[in-house]
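Peer 1: Okay, handing you the structure first.
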Amino acid sequence: MMETLEIKRVFVPRALPLREYFSPGHRGCQGCGPALAIRHVFKALGPNTIVANATSCSEIISSPYPQTAWKVPWIHVAFENAAAVATGIEAGYKAMMRKGKLPQEKINFVALAGDGGTGDIGLQALSGAMERGHDFIYICYDNEAYMNTGIQRSGLTPFGASTTTSPAGKVSKGQNTWKKDLPAIAAAHHIPYVATACPSYPIDLYNKVAKAAAIEGPAYIHILAPCPTGWRCPSELTIEVGRMAVESGLFNLFEIVNGKKRLTLRVPQRRPVKDYLKAQGRFRHLTEEDIRFIQEKVDEDYQLLLEELEEV
Amino acid sequence: MARRVGLEVSIACSEAVTLANVDVIAAYPITPQTHIVEHLSEQVAEGHLDAEYIKVESEHSALSCCVGASAAGARTFTATASQGLILMSEIMYIASGLRLPVVMALATRTLSSPLTIWGDQSDVMSQRDCGWITIFCENGQDVFDQSIIAFRIAEDRRVLFPTMICMDGFHLSHVIEPVELLSQEEVDSFLPPYKPEYRLDPHRPLTMGAFTMPDYFMEIKKQQDEALKSTLPVIKEIWNEWGNRFGRYYQPVSCYKAEGAETLILIAGGFSGTAQIAVDRMREQGKNVGLLRLKLWRPFPHQEIRDAVKGAKLVVVVDRALSVGGQGGPIAAELRSSLYHLKKRPAVVSFVAGLSGRDIHIDQFVEMVERAEGHLSAGKIPDYEMFGVRE
C-alpha cells in the first residue's frame with residue numbers, strides 16, 4: 001500500500017519520491033500540464049502498475065515507436081476503450097491468480113485518458129467498467145479539448161472557450177455549452193472513490209492516487225491539467241493557471257469516499273474568475289458581461305457544492 | 001472414450017470452450033450468438049469453468065476486454081455476430097496487429113440494412129482484411145473441434161494471431177447435431193496451457209501498441225502480412241495432428257468427388273452439406289460434378305485452391321455475401337484473383353445466394369450448375385448473378 005504524504009503549507013518538491021515511471025524525454029509541449037500530472041500519478045502508484053492508455057496526447061507524446069517513456073507495462077489499443085482494456089487486464093490477472101497460474105500480488109490496473117477519451121467517446125466503456133466493479137483506477141486528465149488533433153472542442157471544454165471547432169466569431173462566443181460534470185457521472189455509479197485533482201497541487205494529487213490504489217473497487221480521478229498550447233497561455237504559467245482555476249472555485253478539489261464528499265482544499269476567499277479567464281487567450285474575446293455571466297454560474301455551482309459536502 | 005451425444009451446435013461450442021479452460025470471456029448478447037454465451041455463463045455460474053465472465057456493455061468493449069486480458073497473458077474468448085462484429089471492427093484490426101491470440105466464435109448473420117437477424121456470411125466478409133485467422137465450419141462436430149483447435153492454432157508461437165471460427169447463424173448454430181465430445185484429459189493432451197513470451201507484467205515492463213510514423217509502418221505491416229501467410233503450414237500441421245489423435249482430419253480446401261470432375265461447386269460453411277447431396281444427385285444422373293469446401297478463409301489457401309480446381313472446366317462459386325457495387329461474391333472474387341496468372345484455368349461463375357437466412361435447396365444447387373454450364377457453352381459469363389431473387 002502506498003503511503004500518503006503530509007500536506008505541507010508550502011509545496012516542497014522533495015516530499016515527492018524521486019522515482020520516475022513516466023520518463024523525461026517524452027514529446028510533450030513545454031509546460032505540459034498532463035505530462036506533469038501523469039508523472040505525479042505514477043510516482044504515487046509505483047512499479048506494480050499496468051497502464052491502458054487511450055489514444056490521446058499522453059499516448060502520442062510517450063510512445064513514438066521504437067521509443068517509450070514508460071517504465072511500467074503499458075498498452076495502447078484505441079481511443080474509446082481504455083476502461084475496457086484496463087478491466088480486461090484486471091479480469092485476466094484475477095482469473096490467472098485465482099487459478100494459480102500467477103502468484104498473488106497487489107497490482108494497480110490503470111486506465112489513462114484525456115477528457116474526450118473519457119467523457120465523450122469513452123463514456124460508455126467507462127460507465128460499463130465502473131458498473132461492473134473492477135478493481136481499477138481510472139485517471140482522466142482533463143485539458144478541456146482535443147489537443148492532440150489540434151484543439152477541437154470536447155464535451156468538457158468550458159463555456160466561452162474558443163477552440164478550432166468552437167471558434168469565437170461575430171455571432172459566436174466560442175464554446176456555447178457548460179462543462180460536462182464527469183466526476184458527478186462517475187459518482188452516480190456509486191463507486192468507492194471519486195476525486196478531483198490538479199498538478200498545481202501535487203501532494204493533494206499524489207495522496208488521492210495513493211488512496212485510490214489502496215481502495216478495492218473502481219476509483220475515478222479527474223485531473224484538471226492546463227495545456228498552454230490549447231489554452232493559449234505562456235508555458236511557464238501552467239501551475240499558476242491551475243491554481244487560479246481552483247482558487248476561483250471554477251475547479252474544486254474534493255474527494256467522494258463511499259458516497260461522502262469533502263473538499264480537500266477549501267479556498268478561504270475565492271478570487272474572481274476573471275483572473276483565470278484573462279490569463280488565457282482562449283477566453284480573450286469574452287466581454288465583461290460574458291465574464292459576469294460565468295462568475296454568476298460559478299457562484300451558483302459553488303453554493304451547490306458546499307451544500308453537498310458532508311460535515312467533517 | 002469419446003461420447004457421442006445430440007447437442008445444439010452453440011452448446012457444443014460452449015462445451016469446447018469450457019474444455020479449453022479459458023481464463024476470461026467477455027461478450028455481449030446478439031442473435032444468433034446468444035446460446036453460446038448463455039451456456040458459458042451457466043458453466044461459470046455452476047463452477048464447471050473457472051473463468052472471469054465480463055458482462056460488458058457493448059461488443060466494442062467485449063473485444064477490448066479480450067485484448068486487455070490476452071495482453072495480460074490470459075486465455076481469452078468472445079462470441080458475436082453481425083452488427084456486433086462490425087462494432088468490434090476497429091479492435092479486430094488492433095488485436096491482429098498486437099498479435100494477441102484471442103479466439104472468437106461467430107454465428108454468422110447478415111449486416112443491416114434492412115435489419116434482419118437471419119444468417120449469411122456478410123459479417124465475416126466485412127472483416128476480410130483485418131488480419132484474423134478465419135475458419136468456416138460445416139457441422140456441429142466441426143464447430144466443437146475447431147472451438148478447441150482455434151486456441152492451439154492462435155497460441156502457437158509460430159502463429160500468434162487472433163482466430164475466428166464461423167458457424168452459419170441459425171442454420172448451424174441452432175440445430176441439434178450428433179457430436180462426439182472429448183474428455184478433459186484428451187483436450188489437455190492436445191492443448192497445453194497458454195504461456196506467452198511477452199505479456200503485461202510489472203516484473204518485465206514493456207510497451208505494447210506504440211504508434212508509428214511513416215518510416216516504420218510499412219515494414220511492420222509487411223511483417224504482419226508475411227506472418228499471417230506463414231501460419232498456413234502450421235494450421236495444416238495442427239489439423240493433421242488433431243486428425244491423428246481423434247480421427248477427424250481438416251484441410252484448408254476439402255474435396256468431395258472432385259477428382260477428375262469437369263464442374264466444381266465451391267462454397268464455405270454449413271450449406272456445403274446441401275451442396276454435397278446435390279453433387280450426389282447430379283452424379284447419379286451421370287454428370288461429372290464435384291464439390292470444394294473452403295474451410296480456411298484467412299490466410300487464403302491460394303495454392304491449395306489452385307491444385308483443387310486443376311483439370312476442371314468450370315467452378316461454380318456460391319457466395320452468401322455480396323460486395324455491393326463490386327464483384328458480387330467475395331469468395332468468387334478471391335478465386336478469380338488466385339487463378340488469374342495461370343495459363344490454363346477453369347471458368348468461374350459467381351452466384352450470390354442464400355442471403356439473410358434464405359435457404360438454398362438441393363435442386364437450386366443443381367439449377368445453378370446448369371445455368372453456369374449454359375453460360376459457359378454460350379461463351380458469355382456474367383460477372384455475377386443474384387440467384388433466387390423474385391423479379
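The values are calculated or read from the model by the stated rules, or taken from the named source; none is laboratory data. Bear in mind the structure is a predicted one, so any value in this text is a computation, not a measurement. Cβ atoms come from the backbone with ideal geometry, glycine included; neighbour counts cover every protein chain shown.
Peer 1: Exactly one condition in (1) assigned to a helix (DSSP H, G or I); (2) within 11 Å of chain A (Cβ to nearest Cβ) is false for B:Tyr198; which is it?
Peer 2: Here B:Tyr198 meets the rest and fails (1).
Peer 1: Which residues, taken from the range B:239-270, are loosely packed, with under 13 Cβ neighbours inside 10 Å and either within 30 Å of B:Ser183 (Cβ to Cβ) or touching a His at 6+ places or on another chain (Cβ under 8 Å) (or both)? Quick ask: steps written out before the conclusion?
Peer 2: Step one: list which residues in the range B:239-270 are loosely packed, with under 13 Cβ neighbours inside 10 Å, which gives B:244-245, B:247, B:249, B:259-260.
Of everything in the range B:239-270, those that are loosely packed, with under 13 Cβ neighbours inside 10 Å and either within 30 Å of B:Ser183 (Cβ to Cβ) or touching a His at 6+ places or on another chain (Cβ under 8 Å) (or both) turn out to be B:Asn244, B:Arg245, B:Gly247, B:Tyr249.
Peer 1: If you don't mind, there's one more thing I want to ask. So which residues in the range B:96-109 are assigned to a loop (DSSP other than H, G, I, E, B) and touching a Gly at 6+ places or on another chain (Cβ under 7 Å), if there are any at all?
Peer 2: Hits for the range B:96-109 are B:Leu98, B:Arg109.
Peer 1: Quick check on B:Ile277: is it surrounded by fewer than 23 Cβ atoms within 10 Å (Cβ to Cβ) and either β-branched (Val, Ile, Thr) or under 30 Å from B:Ala227 (Cα atoms) (or both)?
Peer 2: Against the criterion (surrounded by fewer than 23 Cβ atoms within 10 Å (Cβ to Cβ) and either β-branched (Val, Ile, Thr) or under 30 Å from B:Ala227 (Cα atoms) (or both)), B:Ile277 qualifies.
Peer 1: Can you work out which of the residues in the range B:328-348 that are among the aliphatic types (A, V, I, L, M) and out of contact with any Leu (no Cβ under 9 Å at 6 or more places or on another chain) is surrounded by the fewest Cβ atoms within 10 Å (Cβ to Cβ)?
Peer 2: Once the filter is applied, the top-ranked residue is B:Leu342.
Peer 1: For the range B:61-96, which positions are at the interface with chain A (Cβ under 10 Å from one of its Cβ atoms), of a type in the set (Gly, Ala, Ser) and surrounded by fewer than 24 Cβ atoms within 10 Å (Cβ to Cβ)? First the steps, then the outcome.
Peer 2: Start the filter on the range B:61-96 by keeping residues that are at the interface with chain A (Cβ under 10 Å from one of its Cβ atoms), which leaves B:61-76, B:90-91, B:93-95.
Applying the additional criterion that residues be of a type in the set (Gly, Ala, Ser) yields B:61-62, B:64, B:68-74, B:95.
Hit for the range B:61-96 is B:Gly73, nothing else.
Peer 1: Also, I was wondering about something else. Within the range A:253-299, can you find the residues that are in a helix (DSSP H, G or I) and touching a residue at least 40 places away in the same chain (Cβ under 8 Å)?
Peer 2: Once the filter is applied, which keeps residues that are in a helix (DSSP H, G or I) and touching a residue at least 40 places away in the same chain (Cβ under 8 Å), the range A:253-299 yields A:Leu277, A:Gly281, A:Arg282, A:Phe283, A:Asp290, A:Ile294, A:Lys297, A:Val298, A:Asp299.
Peer 1: If I filter the range B:35-60 down to residues being among the hydrophobic types (A, V, I, L, M, F, W, C), within 14 Å of another protein chain (Cβ to nearest Cβ) and part of a helix (DSSP H, G or I), which single residue comes out as farthest from B:Val175 (Cα to Cα)?
Peer 2: Among residues in the range B:35-60 that are among the hydrophobic types (A, V, I, L, M, F, W, C), within 14 Å of another protein chain (Cβ to nearest Cβ) and part of a helix (DSSP H, G or I), the one farthest from B:Val175 (Cα to Cα) is B:Val44.
Peer 1: Let me ask you something else. Any idea which of B:Lys236, B:Lys221 is within 14 Å of another protein chain (Cβ to nearest Cβ), surrounded by 13 or more Cβ atoms within 10 Å (Cβ to Cβ) and in a helix (DSSP H, G or I)?
Peer 2: When all the criteria are applied, what remains is B:Lys221.
Peer 1: Kindly evaluate B:Ala312 against the criterion of being without any contact (Cβ under 8 Å) to a residue 60 or more places away in the chain, not in a strand (DSSP E or B) and not assigned by TED's automatic domain parsing to the domain that holds B:Gly131.
Peer 2: Considered against the rule, which asks whether it is without any contact (Cβ under 8 Å) to a residue 60 or more places away in the chain, not in a strand (DSSP E or B) and not assigned by TED's automatic domain parsing to the domain that holds B:Gly131, B:Ala312 comes out as yes.
Peer 1: Inspect all residues belonging to the range B:105-117 and state whether any of them is touching a Phe, Trp or Tyr at 6+ places or on another chain (Cβ under 8 Å) and either closer than 23 Å to A:Lys94 by Cα or surrounded by fewer than 24 Cβ atoms within 10 Å (Cβ to Cβ) (or both).
Peer 2: No, every residue in the range B:105-117 fails to be touching a Phe, Trp or Tyr at 6+ places or on another chain (Cβ under 8 Å) and either closer than 23 Å to A:Lys94 by Cα or surrounded by fewer than 24 Cβ atoms within 10 Å (Cβ to Cβ) (or both).
Peer 1: Let me ask another. Which ones in the range A:26-46 are more than 15 Å from A:Ala69 (Cβ to Cβ) and more than 18 Å from the chain's Cα centre (by Cα)?
Peer 2: A:Gln30, A:Gly46
Peer 1: Right, here's the next one. Can you report the number of residues in the range B:67-95 which are touching a Gly at 6+ places or on another chain (Cβ under 6 Å) and not in a loop (DSSP other than H, G, I, E, B)?
Peer 2: Of the residues in the range B:67-95, 3 are touching a Gly at 6+ places or on another chain (Cβ under 6 Å) and not in a loop (DSSP other than H, G, I, E, B).
Peer 1: Related question: Does B:Ala372 qualify as being outside the structural domain of B:Asn139 (by TED's automatic domain parsing), touching a residue at least 12 places away in the same chain (Cβ under 8 Å), within 22 Å of B:Lys229 (Cβ to Cβ) and not in a loop (DSSP other than H, G, I, E, B)?
Peer 2: Values: outside the structural domain of B:Asn139 (by TED's automatic domain parsing): yes; touching a residue at least 12 places away in the same chain (Cβ under 8 Å): yes; within 22 Å of B:Lys229 (Cβ to Cβ): no; not in a loop (DSSP other than H, G, I, E, B): yes.
When the stated conditions are applied, B:Ala372 does not pass them.
Peer 1: In the range A:41-58, how many are more than 7 Å from chain B (Cβ to nearest Cβ) and either without any contact (Cβ under 8 Å) to a residue 12 or more places away in the chain or of a type outside the set (A, V, I, L, M) (or both)? Walk me through it before giving the result.
Peer 2: Narrowing the range A:41-58 to residues more than 7 Å from chain B (Cβ to nearest Cβ): A:41-46, A:51, A:53-58.
From what's left, either without any contact (Cβ under 8 Å) to a residue 12 or more places away in the chain or of a type outside the set (A, V, I, L, M) (or both): A:42-43, A:46, A:53, A:55-58.
Selection size over the range A:41-58: 8.
Peer 1: Pull up the range B:140-181, narrow it to residues that are of a type in the set (A, V, I, L, M) and part of a strand (DSSP E or B), then point me to the one that is surrounded by the fewest Cβ atoms within 10 Å (Cβ to Cβ).
Peer 2: Here the residue is B:Ile176.
Peer 1: Here is a further query. Go through the range A:64-170 and tell me which strands (runs of 3 or more DSSP E), entirely inside it, have 3 or more residues that are at the interface with chain B (Cβ under 8 Å from one of its Cβ atoms).
Peer 2: Result: A:74-76.
Peer 1: Moving to a separate point now. Quick one: is A:Phe159 more than 21 Å from A:Ala37 (Cβ to Cβ), aromatic (Phe, Trp, Tyr) and touching a residue at least 24 places away in the same chain (Cβ under 8 Å)?
Peer 2: yes
Peer 1: Check whether at least one residue in the range B:202-218 is more than 17 Å from the chain's Cα centre (by Cα), in contact (Cβ under 8 Å) with a residue 24 or more places away in the chain and within 14 Å of chain A (Cβ to nearest Cβ), and report yes or no.
Peer 2: The answer is yes; a qualifying residue exists.
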